[in-house]
Amino acid sequence: MYGMVNKAVEEMVISQFDDETWEKIKAKAAIDVEIFISNETYPDEITYKLVVSAAEILKLTPDQVLEAFGIHWVCHTAPEGYGELFTAGGKTLSDFLVNLPSFHSRIKLIFPKLDPPIFIITEPADNSLSLHYYSPRPGLTSFVIGLLKGLGIYYKTQLDIVLVNSSEAGSDHDEFLLTW
Amino acid sequence: MVSPHKVGISPDQLSTVFPFHFCFDPTLTLSQVGHSLALLCPGIAEGASFFENFKIERPAYLVDFESILKQSHQLFILQVKYLDVKLRGQMKYVPEAGSLLFLGSPWLTDPAQIGELGLTISDFATHDNSIDLLQVLQAQNIALADTQKLAKRLTLQQAELKKINTAMKDEMAVRKEAEEKLLEGENIFQILFESASDGIVIVSAKGTIEMVNDHLLSLFGYSRIEVLGQPVEMLIPSRFAEQHVQYRTGFVKHPQNRPMSLSKPDLFALRKNGSEFPIETSLSYVHSQKGLVVMVFIMDITEKKQAEKDLAEARDQAIEASHLKSEFLAAMSHEIRTPMNGVIGITDLLMETALDEEQRKLLKMVKDSGASLLYIINDILDTSKIEAGMLQLENIDFDLSSEIEGVSDLMTIRTKEKQLVLITQIQSDVPRHLYGDPGRLRQILINLLGNAIKFTLKGTVELQIELKALKDQKATIFFSVKDTGIGISARVQSELFQPYRQADQSTARKFGGTGLGLAICRKLVELMGGSIGVDSQEGIGSRFWFIVPFDLATNEIPQPLQQEDKKELYPSCKEAGNTLPKILLAEDNNVNALIAMKMLERLGYDAERVTNGREALDAFNRNSYRLILMDCQMPEMDGYETTCEIRAIEQKTGGHVPIVAITASALSSDLERCWSVGMDDHISKPIDKQLLASIIERWVSQPF
């Protein structure tokens with residue numbers, strides 16, 4: 001996983017709780033990385049451990065942590081990390097969602113070691129589309145839901161998210177019907 | 001307008017893949033503009049002039065269509081005028097249109113530029129890698145931010161490390177210093193430990209010897225290896241060892257430092273060779289990591305003990321010598337006093353005979369000299385008794401006002417002689433009936449008043465008696481004798497109550513005296529539980545005072561006979577005319593006997609004298625007496641034994657003859673003995689005629 005993800009987890013915990021809580025989470029997860037480098041790849045296991053540990057310390061479920069993390073990512077990490085480029089992702093929620101697949105395609109080109117998720121948009125309409133999410137990493141559906149909720153917040157748009165097909169329910173990917 | 005050939009492509013389609021393209025003809029007029037370029041800069045539109053909107057940065061120096069055309073294989077960089085943006089791309093000549101086509105996109109070097117230019121990703125062709133470049137740049141920025149963050153944290157950590165390092169260095173320095181001090185302290189301790197003049201043993205809570213100094217080893221005759229780790233009781237005689245274990249266990253539970261002077265008396269230590277020696281010890285303790293550690297200082301006091309013993313012996317000898325001297329003095333004084341009483345008594349008798357003036361004057365001088373000598377002898381006797389610890393006070397009920405009156409009467413005679421005024425004041429709240437030694441009280445007052453009269457040439461002598469406290473049947477009474485005499489210097493005042501001291505030698509020559517009086521007074525007052533002092537100013541006068549606590553009298557005091565009563569007694573005997581009351585005098589001393597016989601004769605009694613107890617017993621058996629005057633100290637059979645015999649006879653025959661003891665002193669021990677053998681009254685030597693008269697009258701007037 002991209003270092004920025006772990007870094008985002010850290011930022012979220014520190015911004016919403018404190019340094020001490022983050023150190024506790026890290027200690028519980030038995031992770032002794034002092035600083036996550038944004039563009040460095042880290043084993044996925046680290047991210048999972050951090051999430052599980054955070055859930056225990058913060059007395060939440062891992063899904064709640066992932067969702068909160070997704071929101072934090074969109075509302076804080078991405079605008080601060082990607083800045084104008086994130087803003088340039090689209091002037092509207094619709095634009096952004098449409099550009100999302102290309103965005104990840106470019107990432108794959110730039111960082112060949114990374115294995116980014118695949119997003120596919122189908123049935124784009126004025127106020128809805130279907131977002132298909134394929135990932136080599138299982139269990140991150142809640143994270144994607146958080147990301148989508150975050151986008152709704154970022155673009156100040158009421159966004160309804162319906163998980164139409166779920167990888168947990170046996171599908172090969174998650175499919176969301178997004179309406180705004 | 002570009003004509004479609006094999007792949008027909010409309011301007012719109014071209015705009016989709018090259019949204020920033022434009023065409024211009026040889027007149028340098030723009031003929032087609034891509035939609036994103038038009039969005040970027042609304043001024044760039046069909047019909048606009050090339051050079052009005054662009055500046056060719058590369059290739060350089062192109063000023064017209066031809067020159068541009070010639071360089072069309074080069075990379076073109078165009079500066080969009082009025083905007084801070086460059087277009088990067090290439091020129092392609094389209095012969096069909098006779099125009100040059102620019103294909104390119106904005107050259108963005110900072111992701112921020114997209115926003116600044118009002119563009120989004122959608123404004124770029126999908127194949128355009130400008131966005132990718134921006135993403136790379138952005139990643140680089142992020143990496144840079146990470147690096148900067150790391151660098152910042154590294155700097156902070158470095159500073160922190162330096163700080164820690166400095167602190168550690170400081171601490172190490174402090175520790176080093178402490179270690180050095182400790183080492184130095186240990187060295188100093190070691191030096192002090194070894195150089196101590198006492199033996200030192202350090203003992204663990206378990207009682208094992210942990211450390212000893214050389215001095216201890218030499219004291220006990222052991223080597224270090226023989227004592228270390230051994231129970232400390234090895235240094236103690238076996239008879240004390242068990243007790244010591246108990247004591248040591250108790251000490252460990254409740255440790256307490258104990259200085260040398262508080263060590264128990266008669267402690268002994270045991271040498272290796274089995275010999276013992278007396279010691280003193282001091283204990284100190286500390287709680288160490290190993291537990292309680294006790295340090296014992298052991299001092300060999302063999303020499304000290306010997307010195308103490310020698311000193312005690314010397315002191316005993318000195319006391320004994322002093323005692324013997326005092327006893328000798330007391331005996332001598334007594335021996336001198338007896339003939340002196342004779343001299344005075346006979347002088348008194350002589351003075352009552354018919355004498356001419358010259359004889360009377362000479363006799364008076366004899367009497368006065370005798371009285372002075374007796375006074376001195378009495379002082380010496382008292383001092384000797386005090387030094388020999390033989391002075392005892394009497395305790396009887398007495399009437400204070402009578403005593404004071406008596407003293408006052410006595411001293412008035414002397415004040416009159418010197419034309420002084422004697423003022424006596426007893427405050428009304430002073431209790432009259434007290435319990436104590438009236439004789440000694442009188443002695444003190446007479447002494448102080450005598451001194452006051454002696455050292456006062458003119459003016460007054462005042463005797464004042466005040467009550468200071470009255471509590472729990474105890475009256476604290478303050479006596480003061482104030483004079484207007486020569487006064488005493490401060491220097492002398494402090495030594496005044498020491499024996500053999502007088503104001504100075506010239507005083508002694510001028511005023512006489514033994515210098516013992518005040519020392520005796522002080523001792524008497526102290527024996528009474530009081531204190532004595534003086535306030536004086538030279539040339540103005542002195543005030544001697546003493547304060548004494550008396551118990552209140554428990555019984556009513558019989559009033560002494562008044563002078564008038566006494567006067568009546570004598571004629572009553574004589575006038576009776578009948579058989580004179582017969583009195584037996586048992587007295588071995590001829591002079592005393594002569595005086596007493598004369599007195600009895602003059603008092604009108606028929607007196608018979610015997611010289612010892614045996615003769616007295618014979619006389620008693622032969623005759624009937626109204627009273628017996630019995631000297632206590634007589635050869636062959638003393639007064640006590642004789643009285644016992646008489647009382648034993650009376651047990652069988654009935655009757656009771658009053659026996660009045662003649663005692664050398666009024667000591668209570670002597671009197672007790674008198675009462676115990678059955679005597680009825682006593683009179684002390686030298687016999688006072690008036691007192692004798694009243695005592696005899698008291699007993700003779702009683703019926704058998």
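None of the figures in this text is laboratory data; all of them are computed from the coordinates on show. For clarity, every value in this text was computed on a predicted model and none was experimentally measured. In this analysis, Cβ positions are derived from the backbone assuming ideal geometry, glycine residues included, and neighbour counts consider all displayed protein chains.
A compact table of results
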{"quantity": "Helical contribution to [θ] at 222 nm, DSSP H n ≥ 4, -39,500 (n - 2.57), averaged over chain B, rounded to 500", "calculated": "-15500 deg cm²/dmol"}
{"quantity": "Across A:LYS28/A:LYS108; A:LYS7/A:LYS113; A:LYS49/B:LYS152, pairs whose alpha-carbon gap is larger than 24 Å", "calculated": "A:LYS28/A:LYS108; A:LYS49/B:LYS152"}
{"quantity": "Nearest-0.05 FRET efficiency for B:SER197 and B:SER238, computed from C-beta distance (R0 35 Å)", "calculated": "0.80"}
{"quantity": "Longest exposed-site-free window of chain B, the sites being trypsin sites (Lys or Arg not before Pro) in a DSSP loop that have at most 16 other C-beta atoms within 10 Å", "calculated": "B:502-704"}
{"quantity": "Rounded Å value of the spacing that divides the Cα centres of region A:87-150 and region B:1-74", "calculated": "35 Å"}
{"quantity": "For A:ILE120, B:ILE465, B:ILE404, order by how many other beta-carbon atoms lie within 10 Å, fewest first", "calculated": "A:ILE120, B:ILE465, B:ILE404"}
{"quantity": "Over 25 Å between alpha carbons, listed pairs A:LYS24/B:LYS149; A:LYS24/A:LYS149; B:LYS253/B:LYS304", "calculated": "A:LYS24/A:LYS149; B:LYS253/B:LYS304"}
{"quantity": "Net charge dipole size for the protein assembly as shown [Lys, Arg +1 and Asp, Glu -1 on Cβ; Debye, nearest 20]", "calculated": "1520 debye"}
{"quantity": "Column: log10 I(q)/I(0), Debye, Cα scatterers of region A:1-114, q = 0.11, 0.14, 0.17 Å⁻¹", "calculated": "-0.39, -0.62, -0.87"}
{"quantity": "Positive-pole candidate from B:ALA45, B:GLY115, B:TYR93, dipole of region B:11-128, charges at beta carbon", "calculated": "B:TYR93"}
{"quantity": "Spatially proximal lysines relative to B:LYS309 (Cα-Cα < 21 Å; intrachain offsets below 8 disregarded)", "calculated": "B:LYS264"}
{"quantity": "Top of A:TYR82, A:TYR155, A:TYR134 by mean-square fluctuation, Gaussian network on chain A, Cα under 10 Å", "calculated": "A:TYR82"}
{"quantity": "Where GluC sites (Glu not before Pro) fall in DSSP loop in region B:1-75, at most 16 other Cβ within 10 Å", "calculated": "B:GLU46"}
{"quantity": "Ranked B:TRP675, B:TRP545, A:TRP73, criterion: other C-beta atoms within 10 Å, fewest first", "calculated": "B:TRP675, B:TRP545, A:TRP73"}
{"quantity": "Net charge contributed by nearby residues that have their C-beta within less than 13 Å of A:ASP115 (K/R +1, D/E -1)", "calculated": "+2"}
{"quantity": "Radius of gyration and Dmax over the Cα atoms of region B:392-552, both given in Å", "calculated": "15.3, 48"}
{"quantity": "Sites B:GLU179 and A:GLU56 - FRET efficiency at Förster radius 45 Å, r taken between beta-carbons, to 0.05", "calculated": "0.40"}
{"quantity": "Around B:SER31: net Lys/Arg minus Asp/Glu count, Cβ-Cβ under 12 Å", "calculated": "-2"}
{"quantity": "Kirkwood Rh in Å, taken over the protein assembly as shown so that all alpha-carbon pairs contribute", "calculated": "43.2 Å"}
{"quantity": "Separation in nanometres of the label points that stand 7 Å from Cα toward Cβ, at B:MET351 and B:HIS323", "calculated": "4.2 nm"}
{"quantity": "Relative exposure of B:ASP618, B:ASP472, judged by other C-beta atoms within 10 Å (fewest first)", "calculated": "B:ASP472, B:ASP618"}
{"quantity": "Over 18 Å (Cα to Cα) - which of B:LYS55/B:LYS86; B:LYS176/B:LYS290; A:LYS91/A:LYS156; B:LYS598/B:LYS689; B:LYS325/B:LYS385 fall in this group", "calculated": "B:LYS176/B:LYS290"}
{"quantity": "In region A:5-79, the trypsin sites (Lys or Arg not before Pro) that fall in loop regions by DSSP, at most 15 other Cβ within 10 Å", "calculated": "A:LYS59"}
{"quantity": "Cβ-Cβ FRET estimate between B:GLU276 and B:ASP681, R0 fixed at 60 Å, reported to 0.05", "calculated": "0.40"}
{"quantity": "Residue list for region A:30-48, given a label point 7 angstrom along the Cα-to-Cβ vector of A:ILE110 and an amide N cut-off under 20 Å", "calculated": "A:36-42"}
{"quantity": "Counting all C-alpha pairs of chain B, share separated by more than 36 Å (%)", "calculated": "70 percent"}
{"quantity": "Range in chain A, longest, excluding exposed GluC sites (Glu not before Pro) [loop by DSSP; at most 13 other beta-carbon atoms within 10 Å]", "calculated": "A:35-167"}
